[in-house]
Every structure is written in C-alpha cells, then in structure tokens.
Amino acid sequence: MQPRLSFLSEPEIDRIVDGAFHVLAEIGVHIGSPRVLDIVASQDGVHLDGDRVTMNRDLVERSLKSCPAEVRLYRQDREEAIVLAGDRVNFVAGSTVPYVHDPAADGLREATARDLVNHTKVINRCDHIDLQSGSFVPSDVPKPIVSAYRYYLAMLYSPKPMFSGAFGTDDMEVIWGVMSALAGGEKELVARPLALLCVNPSSPLGLTEVVAENTAFLADKGFPTLMIPIPLAGGSSPVTLAGTLVQHTAENLATLVVSQSVRAGSPVIFGGGPSIMDMRKGTACQAATEAVIMGAGIGQIAKRLNLPSSTNTGRADSKCVDYQAGEESGAALTTMALARINLIRGSGTLEYANVISTAKMLIDNEICGMAKRLIEPIDTGDEALALDVIVERGASTAGYLSSPHTLKRFRDEFFVPSDLIDRGPRREFEEAGSKDAFARAQDRVGEILADYTPREIDADRKAEADRIIAAYAAKHGMDRLPITEIQ
Amino acid sequence: MTNGSGFDVVEAVCELREDEVLDWVEGQLAADVPPLEIAEALSGGLEVLGQRFAEGIVFIPELVLGGELFGRAMELLGPAIEASGGEMKRLGTVLMGTVKGDLHDLGQNLVSVTLTAAGFKVVSLGCDVPPERFVEETARLKPDVLGLSALLTTTMQAQGDVIEALQAAGLRNGTRVIVGGAVANQRWADEIGADAYGADAIDGLNKIKALVGIND
Ligand code: B12
C-alpha cells in the first residue's frame, strides 16, 4: 500500500471544486492586462464586465482538459527527468527572501550575491532537495535586476532545475534569455525545461497585469507555469478553510483558463500557499496548522483536476533555527510528502519566508530525506517478510547482525541520515563539543564552502548568458556585477 | 463612563454591543448631554479596545469592528456636534497606500485599521498606487502623515519616488512620511529621507503618534 494522507472525501472535494466553478461564473476575476483580457474574451463562455471576467463551467472544464497531467523538468547535467505528476514527491529549496539568517549579525542581515552563491553551493550538496531556487534577493545590485540576476547566478552554480518567479514583465524577458542561453537555445529549453517559473494571482480573485502578461508569455512558449495564489484566511479570503480552498481553487482555475486561451496544452501546476492571517499579530503565518491542512487539500484537489500539484507549506515562522522552526518545517514537509504533493516548497526558510538560513537548509534536507523514506510502502514480499530468516535465526543465539539477509537489505531498508542527525553515543557527542543540530549544521556549511569544486559548464553557453545579464545590468547603471564566474 | 442608568459605554464598545451603544448615544442626545462629551466617552471605549489588542486579549477582527462601530456612532453624533459649533478632535489624518507596482495590500490595510481603531482618520488608497496619486491626494486631504508600504525589493524605490514627488509639488513640509513593509528598515527610511520607519502595525501607530506630537 502507498502511504497517503487525505483530509477530504470525494464528495467534499466536489463541493470545493463546484464552489470554485460557482465563484468564477458569479463574480469571476479581475484581469489587469487589456491585451490578455482580449484573448480570454474571445473564448466561448466568457462574460466581460469592465475588467472583470466571469467564466462558465464549460469553458473552465474545456481548459482543464487541455492541460497536461504531468510536467517534466531537467537538470543541466543529467538525462533523466524530474517528474511532477501523480504520487511523485519532490522538494524545492525556499526562495526569494531579502534577509539572510546570520547569528553573527544579531540574527539578520540584508542578503548579497555572495550569500546566494554560498546557499546554492550548499543546495548542490542537499541530496534530498530536487530543485534549487533563487534563494536570496541580493541587495548589492541595482534593484530592477535582482530577479534576473538570481536566475543567472543560481543556474551557473547549480545544475539542479531552478524554481522562482519574475517580479515583472521586463525581467521575465531577461530570465527567458538567460535560461535559453544555458539550455543551448530556446527550442532546447522548451523541450527540456531547466527551470520553472511561477505567477502569483493576487487574492482575492485578481490576475494583475504582471500575472496575466507573464502567464500569457509562458503559455505562448509552451513552458511550465506554477500558479501560486496565497489567500490568507480571514485577511484576503474567507476565514474558513473550505471557503479559502474554494477561492484558492477559483484563482488557480482562472489563471489556467488564461494560459489555455493563449495556447491550449501549455503545462500548468496547481499550486499555492493558502494560510491564515494570525488574528492576534496580523502576520501572514506560513506554518500554521491550518496551512498544513489546506496544503494537503491542494494535493487532493489537484489530483481531482488531473494536474500536478505544489504547495508553499514547509516554510517556518520562527525567527531562529530553534525547536519551533524544526517543528514547523518538520511537520509541514512530512505532511506534504504524505499528501503526495509533487513539488513541496519552503525548506531553509524562517520568519514567514522573509529570511533564509543556509544551516537550516541542511537540516531541512535531512527532514526531506526522512519524508521520502516515510512515504515508501512497507515491502511485504517474501524476502521482506523474512519467514525463512526468522525460522533460521529466531531461536538461535547468532542473532540477525551476521545474517546475509541483513547484509543484503540494510542499506535499502533504512534511511541513513547524515551526521547532522545525531544518533551516536554520548561519548562522540561530547568529544565533538556537545553541539546541537544547528551548530553542527553551521560547521557543515563551512566545510561545504571550503571544499567546493567549480562545476564544468559549456563556455559558449555561459558567454551568451554573461552577455545578456551584463547588458541588463548596464542598462540599470551597473558596469560590473559582483559575481560572474564560477569559483 | 457610566451614566445614570448604569450603562458602561466603555465596556459596551469593547464588547462590540453595537445596538446598545447606538441606543445609548441616542438616549444621551435626547437627554441633551453635550455631543462632544458623548464622543469623548466613545473614544474612551475605543482606546481601551486598542489597549486590549496590544495586550493580546482582543483580536484583529474585533479591533476592526470596534473601529466601525465607533464610526457609526460618530455618524449619529455628527449633526449635533456641527450644530453645537464644536469640532470632534481627532488624533490626526493619515493617508496610506502600497506603492506602485506592489500588490501586497494586507500590511497597509492592517496598519490602517489599527490607526482607525486608535482614533486617527485614515484614508487608504489600496495597493499599486502611482506617485502622482499620492501627490494628488496629499494636496487634497492635507494629511498629517503619509504612510507608504512596499514589500518587494523592486518596488521599495517607489517609496523614495513618492517623497521626491511630494517635494517637487511643494507638499513635503506639511506632511510627515512613514514607510513600512517587509523589505523596508530604518536604514532605508534614512536613505530616502522618510521621517520614520514602522516595523509593524503597533510600532507604526506609536511612530505616527510621535510624528503628530502625541506622547503617551
Ligand atoms: C501574501 C503574499 C503575496 C500575495 C499578496 C496578496 C495580497 N492581496 O496582498 C501575492 C500572492 C499576490 C504575492 C505576490 C508576489 N510576491 Co509576495 N508575499 C506574500 C507574503 C507571503 C505575505 C505578505 C503579507 O500579506 N503579510 C501580512 C501583512 C499584514 O504583513 P506586512 O505586509 O509585512 O505588513 C506589516 C509590516 O510590514 C508593517 N507595514 C507594512 N506596510 C507598512 C506601511 C507603514 C506606513 C507602516 C508604518 C508599517 C507597514 O505593518 C504591517 C502589519 O504589522 C510575503 C512574505 C512576507 N514574509 O512578507 C511575500 C513576499 C513579500 N512576496 C514576495 C515576492 C517575491 C512576490 C512576487 C514577486 C512573487 C514572484 N513572482 O516571485 C509577487 C509580486 C506581486 C507584486 N507585484 O506585488 C517576497 C518579496 C521578496 C523581495 N525581497 O522582494 C516575499 C517576502 C516572499 C518570498 N520569499 O518570496 N505575494
């Protein structure tokens, strides 16, 4: 049996999906781009009221039918694909934060390009993290270029598929250029996407100009689009979980109608980060228990709609790498894996995705490894059931340690965490300085950075990416970017 | 304040017993209690509500509803105050909005309701507000304080643009500017020449009180 977690029965999923159809037909969405509005308006089943668009169920169902059920992403250095579909579980490093957690600087510092590069080097060594991300928004380059420069640096430093989003429409073009350069051409990029981009519908029910334009841009290229509405229950959506899921589903469906109106068959991912507004502090908590419940709901709704899924759930709200942070990311990442979310975001983050800790990234990597183990079925085949072995050893004094069965199976049967997870004897713990997991992870970050070997990259492709990013930086008044070499 | 009938208007405001509060206001007016005195009592209720919010006893939706209840009670009082030639004293007027290109509007919204509940008159322009609009509304409303929210690295510069536009329009001296949002900080506020930085709604309220010269 595949371990899988459900919070909603089939009729309950129906009620949410039907609710979303109702909302789209009754009040629809605002579309902030006249150009995209025109494209959508040319579809049957659309009614325009100023810049609000209502959509009938037929149109939405037609659009759903043309969406592929799976998305494939590729590493720059491997043939095989990372598949987002069905019950597959993949983890993506948390992204796009302005601050780096730095215990030496009172816990917080504005991030720089160097922080991004260091974090990316560490992500390379996180075996259970499938996708990298533009972790930090660097403060040491002109503000308009931050988003494209992140794609450039991250994709130079790690071959893992990149996930993040454009901030506007300008940078979208530049990001597209950088990705195409590194893929060896636009056709190659579309055939084997090395990265994924998101669009963020604005709750409630708003597809702003940037969202509409970028959705259309990606659809036109036939490139995967991850939709991430972030309704905050009680703030930008109904206070109830079901109501928030209805609105969240409607926001995803409306975006998908835009995408399919531009080009039927363009891949989309049903994603998002529904959470709650903390009613005492007014913060956009990302790790609330309710966010975890709704995250699992997204998995079930996406499956009903036959779309790949993603959630933000995995982010922590704690300000430091403490027990709270571990509880938050641990519970969320594990639950999302059990809910079979195809792309789980958030590892490494603190303070509702305003801060990233590179040391926490390493600990979260261990959690992701454990979560992947957790969702493997229990093998009850003959060999695993081990009747012969029990009969042979169960009444003897030899025990099982020397059994060939143990030798054959132990590496696969057990998940072996790294030394960050302390299972050793007290003597070793004390000899190593009695350090807790956070201190061990900080040490490990230092070791990884000290022992980094630059990766090989096609010189022509890099030269083209260099040219594009340098031209963009020059346009915004920067002659020399802080980092352009892999070292 | 407890009047002759033993009605505790402060508690009634805090418990959001709207019908009772409005009935009480009408009763007081009918009994010829000076309208400004009635308003004073209502403000007292709002103040206690705000204190309880800061203490974590009252939650945000209650704070918001308290502000609305107060507004409706003041509507009842408005004509009487005007007729008496008086003017309701407010802590000040605050114009608020999220800057151009930025769609994060919950933060400015929360700051707005917190200020309203504390007795400020607040006009919120919502999100994605171009500098020209801030200038126009500043010229029209003459707010004591202009609050600018930005949550993105790529939009924070627009906070500086608004300050420059105010300067160019000759409106900078009459209006204090406070900035806030996930990417803003004191260093940034200094860099763009804002008068204050508010880290969150409560900090914003305190800084704005200081800007308009209220010490408590
Ligand atoms: C919800 C959310 C969204 C929603 C917003 C919907 C809406 N209706 O508002 C959506 C999904 C649309 C969205 C979109 C995007 N977002 Co967003 N979003 C968030 C999130 C998770 C929460 C923001 C929020 O509502 N907080 C709750 C409110 C109450 O808090 P607050 O805004 O911080 O306000 C408080 C204080 O800051 C202060 N304050 C705020 N303003 C003011 C003003 C004054 C005068 C004062 C005194 C105080 C003050 O007081 C408030 C109350 O205490 C943040 C994460 C975060 N930690 O902030 C990311 C975040 C801000 N977003 C981010 C990004 C990158 C984006 C996108 C570019 C996504 C992308 N494509 O990559 C788009 C851009 C859209 C646009 N052009 O604006 C980044 C910003 C990084 C950066 N350095 O620029 C963040 C930090 C998350 C992340 N790591 O990716 N987002």
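The values are calculated or read from the model by the stated rules, or taken from the named source; none is laboratory data. Everything numeric in this text was worked out from a predicted model, so none of it was measured. Using ideal geometry, Cβ is built from the backbone for each residue, glycine included, and neighbour counts are taken over all protein chains shown. When the accessible area is computed, the model is the full protein with side chains, heavy atoms only, and any ligands, DNA or RNA have been set aside. Shrake-Rupley method; radii C 1.70, N 1.55, O 1.52, S 1.80 Å.
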- Query: Based only on the alpha carbon positions, what is the Kirkwood hydrodynamic radius of the range A:117-174, in angstrom?
  - Reply: 11.7
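With a 1.4 Å probe and every protein chain left in place, work out the accessible area per residue of the range B:93-211 in Å², rounded to a whole number.
On the way: 4550 Å² over 119 residues.
Per-residue value: 38 Å².
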- Query: Across the range B:154-160, in residue order, what do the Karplus-derived ³J(HN,Hα) couplings come to in whole Hz, using 6.51 cos²θ - 1.76 cosθ + 1.60 with θ = phi - 60° and x for Gly and Pro?
  - Reply: 7, 10, 4, 4, 5, 4, x
- Message: If exposed means no more than 15 neighbouring beta carbons inside 10 Å and the site is in a DSSP loop, what's the longest run of chain A without any exposed GluC sites (Glu not before Pro)?
- Response: A:81-455
- Note on the structure: Rounded to whole angstroms and listed largest first, the alpha-carbon spread of the range B:9-84 along its three principal axes comes to 39, 19, 16
- Message: Straight-line reach only, C-alpha to C-alpha below 26 angstrom: list the lysines that B:LYS142 could link to, leaving out same-chain residues fewer than 8 apart.
- Response: B:LYS89, B:LYS100, B:LYS121, B:LYS207, B:LYS209
- Per residue, what volume in Å³ does the convex hull of the Cα atoms of the range B:93-211 enclose? 80
- Query: Between chains B and A, what is the buried accessible area summed over both chains (1.4 Å probe, protein heavy atoms, nearest 100 Å²)?
  - Reply: 1500
- Note on the structure: Taking a straight Cα-to-Cα line shorter than 19 Å from A:LYS475, and setting aside same-chain aspartates and glutamates fewer than 8 residues away, one finds A:ASP140, A:ASP170, A:ASP171, A:GLU173, A:GLU464, A:ASP466
- Query: Among the trypsin sites (Lys or Arg not before Pro) within the range A:1-54, which fall in a DSSP loop and have no more than 11 other Cβ atoms within 10 Å of their own Cβ?
  - Reply: none
- Task: Calculate one ³J(HN,Hα) per residue across the range A:122-139 by plugging θ = phi - 60° into the Karplus curve 6.51 cos²θ - 1.76 cosθ + 1.60, and present them in order as whole Hz with x for glycine and proline.
- Result: 5, 4, 3, 9, 8, 5, 9, 9, 7, 10, 8, 8, x, 3, 10, 9, x, 8
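For chain A, just say rounded, prolate or oblate: build the C-alpha gyration tensor, square-root its eigenvalues into a ≥ b ≥ c, call rounded for a/c under 1.5, and beyond that prolate if a/b exceeds b/c, oblate if not. Walk me through the intermediate numbers first.
Working: a/c = 1.70, a/b = 1.26, b/c = 1.35.
Oblate.
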- Message: Averaging over every viewing direction, what projected area does the convex hull of the Cα atoms of the range A:25-161 cover, in nm²?
- Response: 12.5
- Note on the structure: Taking placed amide H atoms and a strict 5 Å upper bound, the residues 5 or more places from A:VAL268 or on another chain that come that close are A:THR225
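If we count GluC sites (Glu not before Pro) as exposed when they sit in a DSSP loop and have at most 12 other beta carbons within 10 Å, what is the longest stretch of chain B that avoids them all? Numbers along the way, then the final one.
Details: sites that count: B:GLU55, B:GLU87.
Answer - B:88-216.
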- Restricting attention to the range B:59-165, which trypsin sites (Lys or Arg not before Pro) occupy a DSSP loop and are surrounded by at most 16 other Cβ atoms within 10 Å? B:LYS89, B:ARG90
- Loop-located chymotrypsin sites (Phe, Trp or Tyr not before Pro) in the range A:37-123 whose Cβ has at most 16 other Cβ within 10 Å (DSSP): none
- Task: Sticking to Cα atoms, compute the Rg of chain B to one decimal and its Dmax as the biggest Cα-Cα distance, whole number, in Å.
- Result: 18.6, 59
- Message: Greater than 18 Å separation of Cα atoms is the criterion. Which listed pairs, A:LYS65/A:LYS303; A:LYS160/A:LYS462; A:LYS121/A:LYS160; A:LYS160/A:LYS303, meet it?
- Response: A:LYS160/A:LYS303
- Note on the structure: With the full set of protein chains present, the residues of the range B:98-140 whose 1.4 Å probe accessible area falls by 20 Å² or more relative to the chain alone are B:LEU103, B:LEU106, B:LEU110
- Message: Quick one: the Cα spread of the range A:192-260 along its three principal axes, in angstroms, biggest first?
- Response: 40, 22, 16
